[in-house]
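Accompanying notes for the structure given below.
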Amino acid sequence: MSVPHPGGDPNARLYEQLKTDVLKRVPQITTIQYVPDEIIAKQLRATFDPARLPYETGPELPTLSISCYRQTPHDWFRVDYADPNTGFHAGWHQDEDHPDLGVAHFQYGTDGATHRRRQTFDHETPSLILWEIVDSLLDDVLPPDESG
Amino acid sequence: MKAHPEPLCMSDASDSGDSLMSAHTTGADRVRMVARQLSEPRTVNWIASEAEWSHEPTKRVIKRLVDDGILRRDESGSHTTYYPDYRQQAIQEATRLRDSDHSVEELTDRLAEMNDQISEWKAEFDVESPNQLRATVADTALSAEARSHRREIARQWERLAHRIEIVSFAIREWEFLAPSTDQATAGN
């Protein structure tokens with residue numbers, strides 16, 4: 001007989017783990033908040049220092065909003081970058097919205113048009129998936145800083 | 001500001017050895033991240049591969065996590081596997097709330113808000129649980145948008161119900177979870 005798996009909620013500490021495992025370690029991120037507050041904790045919201053992003057933008061603070069829920073067979077999450085200066089947005093979603101694109105999809109656009117495509121991740125661990133997303137955001141999705 | 005080009009595929013980026021993750025985490029960090037978020041019992045090999053670290057140091061970190069009660073070891077199968085004790089994480093989260101700047105009254109107010117939200121969903125959809133709400137998604141009279149909305153509410157409901165358990169625990173055990181300086185003050 002196998003040892004019973006200790007029960008409990010895999011979501012209990014998830015946001016705090018994403019915060020300490022990833023968001024607090026990203027130099028471009030300046031603040032991290034729970035939304036609406038740390039008691040209800042529906043979402044995490046990180047803000048970027050616009051001066052440290054790999055492109056020129058305005059003074060408003062771009063944000064990364066993270067909603068995540070551990071469930072079977074696939075964890076559910078939406079990670080959304082939004083730049084209020086330009087209207088640019090990019091999202092990595094593992095939800096039920098576009099089953100034609102598979103389990104997860106990536107979407108991006110500015111104001112009106114949103115483009116979507118299938119997305120796969122190299123990891124299964126939520127913190128490591130968030131690292132993949134932040135890495136992709138800063139290295140690929142956002143254009144390089146021409147002045148650098 | 002210049003226009004955003006077509007972003008590259010994620011797998012193109014994650015293949016590089018100089019990723020942000022490798023720059024800002026150690027192998028031991030990644031093993032701890034993976035170990036605390038396992039969704040099923042896994043072997044040392046699996047954890048090492050997921051954490052992109054070598055086997056022996058992974059094994060040493062896992063042993064420490066077992067010694068600290070963060071991971072449980074199961075040696076009953078053909079391979080030794082490990083699984084996190086999520087009960088411990090729930091208690092840690094309640095302790096974090098206890099240690100935050102919030103008062104017990106604030107936690108109680110938020111708890112009431114969360115319970116009110118669930119009561120509203122029960123009334124709105126005439127169901128008693130998230131799974132009962134999910135069962136209504138098959139209703140052919142609903143639009144695709146309405147079905148999606150119900151799935152979303154069911155997930156939020158489930159999440160809120162778990163959050164209520166943690167906040168309730170923190171309130172119920174407010175004195176027990178008090179930092180030692182508070183207890184010392186209370187005892188004087």
Response to the item:
Between the modelled labels at A:VAL35 and B:ALA146 (7 Å from Cα along Cα→Cβ) the distance in nm is 2.8 nm
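Which value at 222 nm does the protein assembly as shown reach when only helices count, each DSSP H run of 4 or more adding -39,500 (n - 2.57), with the total divided by all residues and rounded to the nearest 500 deg cm²/dmol? Write out the running numbers ahead of the final one.
Details: 12 runs with 139 residues, N = 336.
It lands at -12500 deg cm²/dmol.
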Practice prompt. Return the whole-Å distance between the Cα centroid of the stretch B:76-99 and the Cα centroid of the stretch A:81-148.
Written response: 31 Å
Worksheet item: Could you name the lysines in cross-link range of A:LYS42, using Cα to Cα under 27 Å and dropping any fewer than eight places away on the same chain?
Response: A:LYS19, A:LYS24, B:LYS122
Worksheet item: Protein chains only, probe 1.4 Å: how do A:HIS123, A:HIS89 rank by accessible area, largest first?
Response: A:HIS89, A:HIS123
Fill in: Spin-label pair A:LYS24/A:ASP100, simplified geometry with 7 Å Cα→Cβ offset, distance in nm
4.3 nm
Practice prompt. Choose one of B:GLN88, B:SER148, B:GLN117: the residue whose Cα lies farthest towards the positive end of the charge dipole of the protein assembly as shown (beta-carbon charges +1 Lys, Arg; -1 Asp, Glu; about the Cα centre).
Written response: B:GLN88
Response to the item:
On complex formation of B with A, accessible surface lost, both sides summed, probe 1.4 Å, nearest 100 Å², amounts to 5700 Å²
Worksheet item: For the pair B:VAL66 and B:GLN132, what calculated FRET efficiency results from E = 1/(1 + (r/R0)^6), where r is the Cβ-Cβ distance and R0 = 45 Å, to the nearest 0.05?
Response: 0.70
Response to the item:
Mean separation of Cα contacts under 8 Å (at least 6 apart) over the residue count of the stretch A:22-148, i.e. the relative contact order in percent, is 16 percent
Item to complete: Taking 7 Å along the Cα-to-C-beta vector as the label spot, tell me the A:ARG45-B:ALA123 distance in nanometres, rounded to one decimal.
Response: 2.8 nm
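If you roll a 1.4 angstrom probe over the protein chains with everything in place, what fraction of the accessible area of the protein assembly as shown belongs to carbon and sulfur, to the nearest %?
On the way: 8040 of 16640 Å².
C and S atoms contribute 48 percent here.
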Worksheet item: So if R0 is 45 Å, what FRET efficiency would B:THR26 and B:ASP116 give, r being the distance between their Cβ atoms, rounded to the nearest 0.05?
Response: 0.50
Worksheet entry | Overall form of the stretch B:17-84 per C-alpha gyration tensor (a/c, 1.5; a/b vs b/c) | prolate
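Provide the FRET efficiency to the nearest 0.05 for the B:SER100-A:SER65 pair, computing r from the beta carbons and using R0 = 30 Å. It would help to have the intermediate numbers written out before the result.
Working: r = 22 Å, r/R0 = 0.72.
Efficiency computed from Cβ-Cβ geometry: 0.90.
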Discussion item. Compute the helix-to-body angle for A:126-136: its Cα long axis versus the longest principal axis of chain A, expressed 0 to 90° and rounded to tens.
Written reply: 20 degrees
Worksheet entry | Area of A:HIS93 that stays accessible when all protein chains are in place (1.4 Å probe, Å², to 10) | 20 Å²
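The values are calculated or read from the model by the stated rules, or taken from the named source; none is laboratory data. The model shown is predicted, which means the values in this text are computed figures rather than measured ones. Neighbour counts are summed over all protein chains in view; Cβ atoms, including those assigned to glycine, are modelled from backbone coordinates with ideal geometry. Calculation scope for accessible area: heavy atoms of the full protein, side chains included, ligands and nucleic acids excluded. Shrake-Rupley method; radii C 1.70, N 1.55, O 1.52, S 1.80 Å.
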